[in-house]
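> Shown below is the structure under consideration.
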Amino acid sequence: MDLNTLKKLLNDKITEQGYELYSLSFGDETLNVVVDRVEDIDMDAIVSLTNVLNTYLDELNPFEKAYTLDVSSLGAEKPLSIDKLANYVGKFIHVHLINPIKGENIYEGDLTSVNDETFNITYRNKTRSISLEINKQNVSKIRLAIKF
């Protein structure tokens, strides 16, 4: 079975399970599947999805030789899409700007609101909480961050 056909079939199965197929590759006798969803993905979720995909792949038998299935997520600091930012309100994010605001081009804080052109974060500066509005077009990179 060619990889494009397999990708379509796996995409449908992964979508049924509430995930989005982020990438699929085959190399060194390993089928690598990377998935995403808005909700956090913990190890139990990965194990459950791996079991579903293992069973499905056994039915499909896509390769003539033995292979290993490796299912993973984008991780705790996954990149975010500006178009889907509203799904992450309340999450702690890391933003890298094209043009600095207040002399800074990197901010980390809680995403508090999103509209068509801008979004707001609340970040800490020493003991103060500061709200900052950021134009979506001024974002170079944006990802989830781990709050320490």
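> What does the charge count around M1 come to, taking other residues whose C-beta lies under 13 Å from its C-beta (Lys +1, Arg +1, Asp -1, Glu -1)?
That sum, taken over residues with Cβ under 13 Å, equals 0.
> Please report the Cα spread of the range 1-56 along all three principal axes, rounded to whole Å, starting with the longest.
Per principal axis, max minus min of the Cα coordinates gives 31, 21, 20 Å.
> Residues of the range 24-148: accessible area per residue at 1.4 Å, in Å²?
The answer is 62 Å² per residue.
> With N residues in the range 20-148, what two-decimal value do you get for its Cα radius of gyration over 2.2 N^0.38 Å?
Rg over 2.2 N^0.38 Å, computed on Cα atoms: 1.36.
> Need the list of lysines near K147 for cross-linking: C-alpha distance under 17 angstrom, and skip anything on the same chain fewer than eight residues off.
Within reach: K78, K91, K126.
> Ignoring everything except DSSP H segments at least 4 long, calculate the 222 nm mean residue ellipticity for the chain; use -39,500 (n - 2.57) per segment, divide by total residues, nearest 500.
Rounded to the nearest 500, the figure is -7000 deg cm²/dmol.
> Write down the Kirkwood hydrodynamic radius of the range 93-148, to one decimal in angstroms, obtained as one divided by the mean of 1/r over all alpha carbon pairs.
11.4
> What are the lysines whose alpha-carbon lies under 20 Å from the alpha-carbon of K65, with same-chain residues fewer than 8 places away excluded?
K7
> I101 to L9: FRET efficiency via 1/(1 + (r/R0)^6), r the Cβ-Cβ distance, R0 41 Å, to the nearest 0.05?
The value I calculate is 0.35.
> Report the extension gain between T55 and T112 in nm, rounded to one decimal, defined as 0.36 nm multiplied by the number of residues separating them, less their alpha carbon distance.
16.4 nm
> Something else about it: Charges at C-beta only: +1 for Lys and Arg, -1 for Asp and Glu. How large is the resulting dipole of the range 1-99 about its Cα centre, in Debye rounded to 20?
320
> Of N61, N120, I14, which is farthest along the charge dipole of the range 4-148 in the positive direction, counting Lys and Arg as +1 and Asp and Glu as -1 at C-beta?
N120
> Evaluate the relative contact order of the range 36-113 (contact order divided by residue number), counting alpha-carbon pairs under 8 angstrom at least 6 apart; express in whole percent.
RCO, the range 36-113: 25 percent.
The values are calculated or read from the model by the stated rules, or taken from the named source; none is laboratory data. Remember, predicted model here, so these are calculated numbers, not experimental data. Glycine gets a Cβ as well: all are built from the backbone with ideal geometry, and neighbour counts include every protein chain shown. Each accessible area value is taken on the protein alone, full model and side chains, heavy atoms only, with ligands, DNA and RNA left out. Shrake-Rupley method; radii C 1.70, N 1.55, O 1.52, S 1.80 Å.
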